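Enquirer: Sending over a structure as C-alpha cells; questions will come in a sec.
The values are calculated or read from the model by the stated rules, or taken from the named source; none is laboratory data. Note that the coordinates shown come from a computational prediction; the quantities given were computed from them, not determined experimentally. Quick note on the areas: whole protein, heavy atoms, side chains included, nothing else; ligands and nucleic acids left out. Shrake-Rupley method; radii C 1.70, N 1.55, O 1.52, S 1.80 Å.
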Amino acid sequence: MLKHKKNKDEVTGESSLAVTELTASRPYVPESKKPKKDNTHWLYIGVIIAVVAGIIFGITAPDIAKEFKVVGTTFVRLITMMIVPVIFCTIVLGIGSVRAAASVGKAGGIALAYFIAMSTFALAIGLGVGNLIEPGHDLNIEATKGAASQFTSGAKQKGDGIIGFIQSIIPDTFFSSLTAGSVLQTLFIALLVGFAVQSLGKTGDGILRAVEAIQKLVFKVLYMVLWLAPIGAFGAMAGVVGSTGAKAVGQMLLLMVAFYITCILFICVVLGSVLGIFGRFNIFKLMKYLAKEYLLIVATSSSESALPNLMRKMEHLGVQKATVGIVVPTGYSFNLDGTAIYLTMSAIFISDAMNKPMGMAEQIGLLVFMMIASKGAAGVSGAGIATLAAGLQSHRPELLDGVGVIVGIDRFMSEARALTNFTGNAVATLLVATWTKTIDRQRVYDVLNGKLPYSPQVDDTDIDLKNPSVQINTNLPHTPQPDVAAIEKLASQEQATANK
C-alpha cells in the first residue's frame, strides 16, 4: 500500500518561490487605488483666508508683520527653483508642436501666424494698460537685502553693452545652462535642443518622450509647491501691508480689477470684433455654447481640464475634425492671450511697487522674452507665475522679490487668465476653419442658435458645483501637440470620401 508523501511546501506552508526571487528587478511605483482628482478649490479657499489674515495682521501689528516678509520670499525661492526645468521642457516640446502644426499643411501655418500675432498683441495690451494705470505706484516695497543675488548667482553678464549681453546668453558648458541660474542661457539651450531633436526625425522620438516624462514630473513638483501658496501669501501680505499700510491693499485691488476688465474687454471687443469681421459669428453666442466649460475652468483655475471638451464641441459646432486636431492642441501651447496680458501687467506692477520702473527699451525686451517664454506657460495652474519670475530674472533680477506680492493675488487672477486663454483658442479654431474652408457655416449658425444642441459624451469632464473636485486626466500632456500621423490619415480619408 502506497502512502501519499506530502510536499514539503504543503507541510511547512511555505511558498515554492526562492527568497532571492522576492527582490524587484525595477523600482516599484504603487498604483493609485482611487482616481486622482483636482482639488484646487480647496487651495483657492486657503489662499483667500491667508490673504485676509495677512492683511489684518499687517494692519493690527505692522512691526511684527514686517518680519514675516521672509516667509513670502522663501515661497518665491521655491517657485524660482522650478523656473529652469519648466522653461527647458516646455520650450523643447513647444518647438515640436510648431513643427507638427507646420507640417500638416495650410491650416497649421495659418494657425501659427494667427497665434503669434494675437499673443504679441495681448502682450502689448498688457504693457499699455500697465503703463496707463500704473498699478503699485508709490508703494515703495523694499526688496529683502541680498534677495536678488540669491536668485541670480551665476547669471552675471561677462561684459557691457550688446556684446556683453550676447556673451552672457552663451553658457560656459551645455549643462551649466541648467544649473547656473540664468534663464536666458536655459532658453538658448532649450531652443538649440528643440530644433536639434526635430532635425533627428524619428530618432528623436525617444528623446521627446523622455522630456515629456520629465515635464510631467516637473509640473507635479510645481503643483506640490503651490499647495504652500497660502503660507507664502500670508507672509507676503503681512510683510507688504505691515510696511506700507492699507494703501497696498488698494493698489493690489486696482491691479486685479484692471486685469479682469482688460480680459473682459479683450474677449468681448478684440476677439469679438475679429470673430465678427472675419468669421461672421457672434462671440456671445459662442460663450453661451461653452458655458459648462467655463464653470469647469473656474473650478480648476486651469484651461487644461477643458481641452477634450473643447475639441469635441468644436467638432459638433461644424469644424472638420482634422482642423480641430491641428488648431486646439497647438493653441494650448502658443495662443495664451490671458497669460500674455497677466505677465506684462504683473511685471509693470512689481516694478512700480518697488519704485524701480522699467524703461521702454526694457519693456520691449521683456515683451520679446515673454512672447517666447509664455509658450511654456501652457494651461497648467501655477505655470504663469513661474514664467513671470523667469522674465524678471532674465531682465531685472532685483525685482524678483516682488513676485511674493503677486503670489497673494495670483489665485484671484488665474480664472480670468484661463478663461481668456480658452476663449481665444475657441475663436482661433473658428477663424482658421473659416480661412481654410473646413467649416460648415450653416451648422455653426444652427448650433449657436440652439437648433442643434450638444449632447454630452461619456468622456466629457463635468463639474458639480456642490463638490467641485475634478478627476484628473493623467494621459493628457502638459504641452499638447497635434498627432500628425492621425491628422494626415484623417485628411486622406476625407479627401477620398469627397472624390467619390
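Enquirer: Write down the Å³ per residue value for the convex hull defined by the alpha carbon atoms of the stretch 270-313.
Expert: Cα convex hull per residue, to the nearest whole number: 82 Å³.
Enquirer: Starting at 0 and stepping by 5 Å, how many percent of the alpha carbon pairs of the stretch 400-459 end up in each bin?
Expert: The distribution over the stretch 400-459 is 4, 14, 12, 15, 17, 11, 8, 7, 7, 5, 1, given as percents.
Enquirer: In Å and from the alpha-carbon atoms only, list the Rg and Dmax of the stretch 236-373.
Expert: 18.6, 57
Enquirer: Summarise the accessible area of the stretch 317-458 (1.4 Å probe, protein heavy atoms) by the percent that is carbon and sulfur.
Expert: Carbon plus sulfur share of accessible area: 60 percent.
Enquirer: Skip the ligands, DNA and RNA, and give the accessible area per residue of the stretch 241-357 with a 1.4 Å probe, whole Å².
Expert: On a per-residue basis, 31 Å².
Enquirer: While we're on this one: Over 18 Å between Cα atoms, which of Lys321/Lys437; Lys66/Lys247; Lys285/Lys437; Lys288/Lys437 qualify?
Expert: Going by Cα-Cα distance, Lys285/Lys437; Lys288/Lys437 fall outside the 18 Å limit.
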